[in-house]
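Visitor: Provided herewith is a single structure, encoded as structure tokens, for subsequent inquiry.
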Amino acid sequence: MNYIGTIGEKEVKVGVREVGVARYTVTIDGQEHQVDAHQVQSSVWSILYEDASFEVDVQGKNEEFEVLIAGDCYKFSLMNEQRKAMMRSGGKGAVGKAMVTSPMPGKVVKLLVNEGEEVKADQGVVVVEAMKMENELKSNIAGKVKEIFVKEGEVVESGAKLLLVE
Amino acid sequence: MNYIGTIGEKEVKVGVREVGVARYTVTIDGQEHQVDAHQVQSSVWSILYEDASFEVDVQGKNEEFEVLIAGDCYKFSLMNEQRKAMMRSGGKGAVGKAMVTSPMPGKVVKLLVNEGEEVKADQGVVVVEAMKMENELKSNIAGKVKEIFVKEGEVVESGAKLLLVE
Amino acid sequence: MFKKILIANRGEIAVRVERACREMGIPTVAVYSEVDRHALHVRCADEAVLIGPPPAAESYLVIDKIIAVAKKSGAEAIHPGYGFLAENPRFADRCEKEKIKLIGPSAHAMRTMGSKTVARKTVQAAGVPVVPGTIDPIATEEEVLRIAKEIGFPVMLKATSGGGGKGMRLVREEGELHSALRMAKSEAKSAFSDDSVYLEKYIEQPRHVEIQILGDRHGNYVHLCERECSIQRRHQKVIEESPSVIVTEEMRAAMGKVAIEAARAVKYEGAGTCEFLVDAKRNFYFLEMNTRLQVEHPVTEMVTGIDIVKEQIRIAAGEKISIRQEEIRQTGHAIECRVYAEDPDRNFMPCPGLVTSLRTPGGPGVRDDSGVFEGFEIPIYYDPIISKLVAWGKDRTEAIARMKRALNEYVVTGVKTTIPFHIRVMNNRHFIEGSFDTNFIDKVFFKEEQERRPAHGDVAVITAAIQVFLEERERAIAQKPAGAAGPVSMWKYSTRPGMRKIG
Amino acid sequence: MFKKILIANRGEIAVRVERACREMGIPTVAVYSEVDRHALHVRCADEAVLIGPPPAAESYLVIDKIIAVAKKSGAEAIHPGYGFLAENPRFADRCEKEKIKLIGPSAHAMRTMGSKTVARKTVQAAGVPVVPGTIDPIATEEEVLRIAKEIGFPVMLKATSGGGGKGMRLVREEGELHSALRMAKSEAKSAFSDDSVYLEKYIEQPRHVEIQILGDRHGNYVHLCERECSIQRRHQKVIEESPSVIVTEEMRAAMGKVAIEAARAVKYEGAGTCEFLVDAKRNFYFLEMNTRLQVEHPVTEMVTGIDIVKEQIRIAAGEKISIRQEEIRQTGHAIECRVYAEDPDRNFMPCPGLVTSLRTPGGPGVRDDSGVFEGFEIPIYYDPIISKLVAWGKDRTEAIARMKRALNEYVVTGVKTTIPFHIRVMNNRHFIEGSFDTNFIDKVFFKEEQERRPAHGDVAVITAAIQVFLEERERAIAQKPAGAAGPVSMWKYSTRPGMRKIG
């Protein structure tokens, strides 16, 4: 199976082949890696890669990954090749749209913008409180607030849609 | 729901009623106990019983229980009332039969008896090895070896039937 | 000794106090909110009583409820832990009225030390050095100049009604004073409708060093040496250690002495902490006194071997302090890292949620004071602390190496934690050398981190790719009609682009 | 220092050694059998190499395989842990030949101390007290009587070719000697076809006390004081502590001195242990020397602050011992409980299997050296040790209280463990008073336990009943056709009695 990884600005081609029990050949931009991979606890993998042993915690949602190894967090996206191709051609409409979601369960204490308002990239748009701390959530892109899905005072789950900037 | 508990030689009547979320009224021989019970980890319960807090590890198989509280192990059986009544009338045939099962995964290293042989209560009948230790398993009752289900050298799972004494 | 103790707290500190009681053979009563029924402090107590809804204001902070549970259960004393009611003099008053012993100092000591100005005046009178300056507002520019010259530049102008950095101005030399004063006053005026300012010596490269003290009602006082807590993020301590690399034997004795004087000034009973700022020349200045058990008390316990919570309980029961000053010695070095459910890669945003897997570090020199277990749901209502990881070593080098090793062993999944942050600090050159001040994390560390290039990106991508590969295959098998074979079809994706979620 | 170390072991001890290496910055190579791919020692190592099928004889014990991995990976030294190849002089020979440093003593020291008779002669020549008696067979009854009188009654007659208690006879006084000798000879004859016997002084109420020593190749030796290991089950240590309640300051110095003499006699390099029997009058007699790291080394580490594994590694690399005798001090008291996957209520039968939930104890003074995690399957092929739980206290009373508290916090489900057994020992009056000998568990403790009546039978039955109630309801809901309601039917039970399993 082939995937396109996006790390920062860079794209890499990633191929995965199963070559034995819990053994894989993973190709990154043409270079082959032999890997022995076992999922040992919930999201934790024990990886043996050229005899080197790694504990790897893979947190992934919607093709966006945050992978922890020895205290370093690696962020990237990984997408099936076909799906990526499809997105490139037909998915253009998505560019310039950004959903602001709550990264944690908590309470919406303040909406900083109104529907229809123009926002800059990185501008705070909503404040969510959890564990006695207020957290200002920002819009990734510049645009117009298309829709607001929550009210002030509302309690939201992790991942809940808060508002859409277009 | 009503149950019959057998603790050593003694029988007790046990009734359970759900009276709220995770709250139960449990009656033992007529005496009522109000209990708040939450299963907090695998087989571990957190019990609040008249405000006293207990951590209780319930291991049960086939109506036989081994319950750990603060380092003490309580062994007893607990059976649905109807089922107990049924056993009392129709289940008589079972008396005088005893299956010897392996209490752990391991290897059968030696059969100490042959089919048809007479054995005494508490006589060793088979040796199972696990973790470098040989363990002699005994027959609970006196009787005749009715059937042997394993061969020497065979690897068995925990709970595997080894032989039947009648 | 008390026949029963109620613990008016939750989480790791409630568990910590329960451990001391259990070891002393004293039964404990836990209180819990509706969301804490599964919490460790309920499971580890001898009794547990529900006290209300999740918000602390409706449960852990309600004095009436706590007192009612104590009376009903027959608890003779209450341990408040830290936070919640721990430094609330009204709670202390109430306990006294109800004849329940609050394990901590008197309401008078709490009130005195709770007010910045009263505390400053009280300790100053007892001979404790404070940051030179005024507290009362200064009327004229002439007076400002006179005092500034007296205490020496640089100085800090602060708004009397101030807070949050507004109305504050650093003045490095006399020439800057005039315009700085004008700006400070105008800022103060617009922010607080009060243009009065006061003056304090500006401490350059300040380090936060505190002294743990014990006092009993028989007039005995000891200090348990110092802790350094300069590793702070937005003025919140995150890593603490004992001893401090900058404290010499003489300084330790001098700081210990004044800390005891400060405690004596309020007839302090129990465990308390005097916080000091230390400047680059190793002058130290009283900052404030915390009239409770500190979060970071374990580092002191590890180097002295003294169980501070047990001492608190014994002192509250009227016993004398069990050790004399000359018996107290710092052996080796201890470091504590506060492990929070926060995302260090998203500006330490809180991450409550379910702990899906947990592996606690162990082995030599490692102590973990935790409030969670695998399968526990960290609630959104309280401080997101998971545990305090403490490492002891024969010296600071070994303690750092142990801490790094232990942090690398620590597995917590399901919620983001500050473990990765701590690993990076343990690897930081300045931290290892001991050259830092309270601005280190915010001003130096994050900047240096941005330059660093982590080494195992390939392994990260490889593992994620294998996970995606296996997930896709699983989905494909689940979607396939029974018996069908062949490669996974992408058809579902391409016909329903509208279903795609936006990352 | 070594650039890389291979660890020729598994489980908790492999993890322990990896921790030391990690803290010293030395990369590690783990080896693992097919059943150990998920094991902690694989996850905690820097490299890991598969060495064969599960049985140790085909993997962990195969010298060729271990050597091959060491050479391929570039490991310069091998740490053998305890067990497996740890005291195998052929392995030591091979390492020397391959120019790989074995972290441990020379093959010569292993061989000398590995033979009971050679060891006895060697240490006796060095002035170490041994149990009085002969080793060579005694020809005549007259000679037996003469020697018995010389060393004093009671004495023990032992078959020269003996073992397992056969051909052994206790002789309390002269009058018993004649018939005892006849019986011992006849038993020895029939059991071993060799009727020769020898004679040893019988040690009454023996206690097992051992001395931890370190030696380096520069001729330096130190001892790290004693451990008492008298709490044994079938001659297997289960609880160890330091200090020993019966060892006085003078005795400690004397035992330390002879232990060092024993070590010096074989030019001992690294960490080793001299085991002694101590009689009721506090005479001590050399038993044997273990030429490896002991399971119970953590109690010594906790009272001395010395990391024994790191010392081993430094010594193996040619460094001098890092501490001098006069710097070594026992501070406080430490106790270790070995937690095994065994069922204490079924004669300690091994219980391998899946660890379904785990909560490790923590807090002050608690150390857990574990080889498992939640979700780990304990294999059937090896020693069923789960972890070593160690508690430190300022004195023995506090250490016992801590251990009890920690054991009560320890949750391991899915497999039976010895945790309940340890809780009961910590509660035992004789153990608390320190009055026991090596027969305590088998002869005293179990008898006393049978008399005890546990207090919470009602809670046990209540909880089990609630669990059965909920399970039945769940089954009933699952079996009911969709939409049907009403009480749970028992019909299925009564019509299928043949399906009932026999408990």
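Visitor: Tally the residues that are out of contact with any strand residue (DSSP E or B) (no Cβ under 8 Å at 6 or more places or on another chain) and over 20 Å from D:Glu326 (Cα atoms), restricting the search to the stretch D:241-265.
Guide: 1
Visitor: Here is a further query. Only residues that are more than 8 Å from every other protein chain (Cβ to nearest Cβ) and within 20 Å of B:Gln41 (Cα to Cα): list them for the stretch D:344-370, please.
Guide: Matches in the stretch D:344-370: D:Leu354, D:Val355, D:Pro361.
Visitor: Here's another thing I want to ask about it. I need the full set of residues from the stretch B:56-87 which are surrounded by fewer than 20 Cβ atoms within 10 Å (Cβ to Cβ), of a type in the set (A, V, I, L, M) and facing another protein chain (nearest Cβ under 7 Å), in order please.
Guide: B:Ala70, B:Met86
Visitor: Same structure again: For the stretch B:39-54, what are the residues that are surrounded by fewer than 16 Cβ atoms within 10 Å (Cβ to Cβ) and either more than 10 Å from chain D (Cβ to nearest Cβ) or touching a residue at least 60 places away in the same chain (Cβ under 8 Å) (or both)?
Guide: If the condition is that a residue be surrounded by fewer than 16 Cβ atoms within 10 Å (Cβ to Cβ) and either more than 10 Å from chain D (Cβ to nearest Cβ) or touching a residue at least 60 places away in the same chain (Cβ under 8 Å) (or both), then B:Glu50 is the only one that fits.
Visitor: Can you name the residue in the stretch B:13-26 that is over 12 Å from D:Gln467 (Cα atoms) and under 22 Å from the mean Cα position of the chain (by Cα) and, of all such residues, is nearest to the other protein chains (Cβ to nearest Cβ)?
Guide: For the stretch B:13-26, the residue satisfying everything is B:Val14.
Visitor: Within the stretch A:118-154, take every residue that is closer than 22 Å to C:Asn347 by Cβ and of a type in the set (Val, Ile, Thr) and give me the one that is surrounded by the most Cβ atoms within 10 Å (Cβ to Cβ).
Guide: By that ranking, first place goes to A:Val128.
Visitor: Could we say that C:Pro454 is within 10 Å of chain A (Cβ to nearest Cβ), over 20 Å from C:Gly332 (Cα atoms) and part of a loop (DSSP other than H, G, I, E, B) here?
Guide: yes
Visitor: Return the total of residues in the stretch C:388-441 being within 8 Å of another protein chain (Cβ to nearest Cβ), in a helix (DSSP H, G or I) and of a type in the set (A, V, I, L, M).
Guide: 4
Visitor: Please go through (1) buried (at least 22 other Cβ atoms within 10 Å of the Cβ); (2) under 17 Å from A:Ala37 (Cβ atoms) for D:His38 and return the number of the only condition it doesn't satisfy.
Guide: That leaves (1) as the condition not met.
Visitor: Specify which of the listed residues (C:Ala180, C:Ala139) is out of contact with any Pro (no Cβ under 6 Å at 6 or more places or on another chain) and crowded, with 16+ Cβ neighbours inside 10 Å.
Guide: None of the others qualify; the one that does is C:Ala180.
Visitor: If you don't mind, there's one more thing I want to ask. For the stretch D:97-136, name all the residues that are farther than 30 Å from D:Val17 by Cβ, of a type in the set (Gly, Ala, Ser) and surrounded by 18 or more Cβ atoms within 10 Å (Cβ to Cβ).
Guide: The answer is D:Gly133, and nothing else.
Visitor: Going residue by residue through the stretch D:269-281, is there one that turns out to be assigned to a helix (DSSP H, G or I), buried (at least 22 other Cβ atoms within 10 Å of the Cβ) and outside the structural domain of D:Val15 (by TED's automatic domain parsing)?
Guide: No.
Visitor: Residues that are acidic (Asp, Glu) and farther than 28 Å from C:Ala265 by Cα: does the stretch C:226-249 have at least one?
Guide: No, every residue in the stretch C:226-249 fails to be acidic (Asp, Glu) and farther than 28 Å from C:Ala265 by Cα.
Visitor: Taking C:His208 and the conditions (1) over 25 Å from the mean Cα position of the chain (by Cα); (2) not in a loop (DSSP other than H, G, I, E, B), which numbered condition does it fall short on, given that it satisfies the others?
Guide: (1)
Visitor: Here is a follow-up. Please specify each residue of the stretch C:437-466 satisfying the condition of being surrounded by 21 or more Cβ atoms within 10 Å (Cβ to Cβ) and either closer than 18 Å to A:Glu66 by Cα or in contact with a helix residue (DSSP H, G or I) (Cβ under 7 Å, 6 or more places away or on another chain) (or both).
Guide: C:Phe440, C:Val459, C:Ala460, C:Val461, C:Ile462, C:Thr463, C:Ala464, C:Ala465, C:Ile466
Visitor: Then there's this: Identify all residues within the stretch B:94-142 that are aliphatic (A, V, I, L, M) and at the interface with another protein chain (Cβ under 10 Å from one of its Cβ atoms); write none if there are none.
Guide: B:Ala94, B:Ala98, B:Met99, B:Met104, B:Val128, B:Ala130, B:Met131, B:Met133, B:Leu137
Visitor: Which condition number in (1) farther than 29 Å from D:Glu409 by Cβ; (2) at the interface with chain D (Cβ under 7 Å from one of its Cβ atoms) is the one that B:Lys10 fails?
Guide: Of the numbered conditions (1) farther than 29 Å from D:Glu409 by Cβ; (2) at the interface with chain D (Cβ under 7 Å from one of its Cβ atoms), the odd one out for B:Lys10 is (2).
Visitor: Read through the list (1) crowded, with 24+ Cβ neighbours inside 10 Å; (2) closer than 21 Å to C:Val309 by Cβ; (3) out of contact with any Pro (no Cβ under 9 Å at 6 or more places or on another chain), then give the number of the only condition that D:Arg405 fails.
Guide: The single condition D:Arg405 does not satisfy is (3).
Visitor: Inspect all residues belonging to the stretch D:36-45 and state whether any of them is modelled with pLDDT of 95 or more and more than 14 Å from chain C (Cβ to nearest Cβ).
Guide: Yes, there is a match, as at least one residue in the stretch D:36-45 is modelled with pLDDT of 95 or more and more than 14 Å from chain C (Cβ to nearest Cβ).
Visitor: Residue check, D:Ala107 against (1) over 30 Å from D:Leu6 (Cα atoms); (2) without any contact (Cβ under 8 Å) to a residue 60 or more places away in the chain, all met but one. Which one?
Guide: It fails just one condition, (1).
Visitor: Considering only the stretch D:252-276, how many residues are among the acidic types (Asp, Glu) and closer than 12 Å to D:Met113 by Cβ? Step through it out loud before you land on a result.
Guide: Within the stretch D:252-276, the subset among the acidic types (Asp, Glu) is D:261, D:269, D:275.
Among the residues that remain, those that are also closer than 12 Å to D:Met113 by Cβ are: D:275.
The total comes to 1.
Visitor: While we're on this one: Assigned to a strand (DSSP E or B), of a type in the set (Asp, Glu) and away from chain B (no Cβ under 14 Å) - does that describe any residue in the stretch D:318-337?
Guide: Yes; the residues of the stretch D:318-337 include at least one that is assigned to a strand (DSSP E or B), of a type in the set (Asp, Glu) and away from chain B (no Cβ under 14 Å).
Visitor: Given the options C:Ala86, C:Ala30, C:Ala45, C:Ala92, name the one that is closer than 22 Å to C:His297 by Cβ, part of a loop (DSSP other than H, G, I, E, B) and without any contact (Cβ under 8 Å) to a residue 60 or more places away in the chain.
Guide: Going through C:Ala86, C:Ala30, C:Ala45, C:Ala92 in turn, the sole match is C:Ala45.
Visitor: Got a number for residues in the stretch D:67-83 being outside any loop (DSSP other than H, G, I, E, B), surrounded by fewer than 22 Cβ atoms within 10 Å (Cβ to Cβ), of a type outside the set (A, V, I, L, M, F, W, C) and under 28 Å from the mean Cα position of the chain (by Cα)?
Guide: Residues in the stretch D:67-83 being outside any loop (DSSP other than H, G, I, E, B), surrounded by fewer than 22 Cβ atoms within 10 Å (Cβ to Cβ), of a type outside the set (A, V, I, L, M, F, W, C) and under 28 Å from the mean Cα position of the chain (by Cα): 0 in total.
Visitor: Follow-up. Quick check on D:Val238: is it of a type outside the set (Phe, Trp, Tyr), outside any loop (DSSP other than H, G, I, E, B) and more than 21 Å from the chain's Cα centre (by Cα)?
Guide: In short, no.
Visitor: Just to verify a result, which residue in the stretch D:23-35, among those that are surrounded by fewer than 23 Cβ atoms within 10 Å (Cβ to Cβ) and not hydroxyl-bearing (Ser, Thr, Tyr), is nearest to D:Ile378 (Cα to Cα)?
Guide: D:Val35
Visitor: If you don't mind, another one. Just checking, how many residues over the stretch D:185-205 are hydrophobic (A, V, I, L, M, F, W, C) and surrounded by fewer than 16 Cβ atoms within 10 Å (Cβ to Cβ)?
Guide: Residues in the stretch D:185-205 being hydrophobic (A, V, I, L, M, F, W, C) and surrounded by fewer than 16 Cβ atoms within 10 Å (Cβ to Cβ): 0 in total.
The values are calculated or read from the model by the stated rules, or taken from the named source; none is laboratory data. Everything numeric in this text was worked out from a predicted model, so none of it was measured. Reconstructed Cβ throughout: ideal geometry from the backbone, glycine too, with neighbour counts over all protein chains shown.
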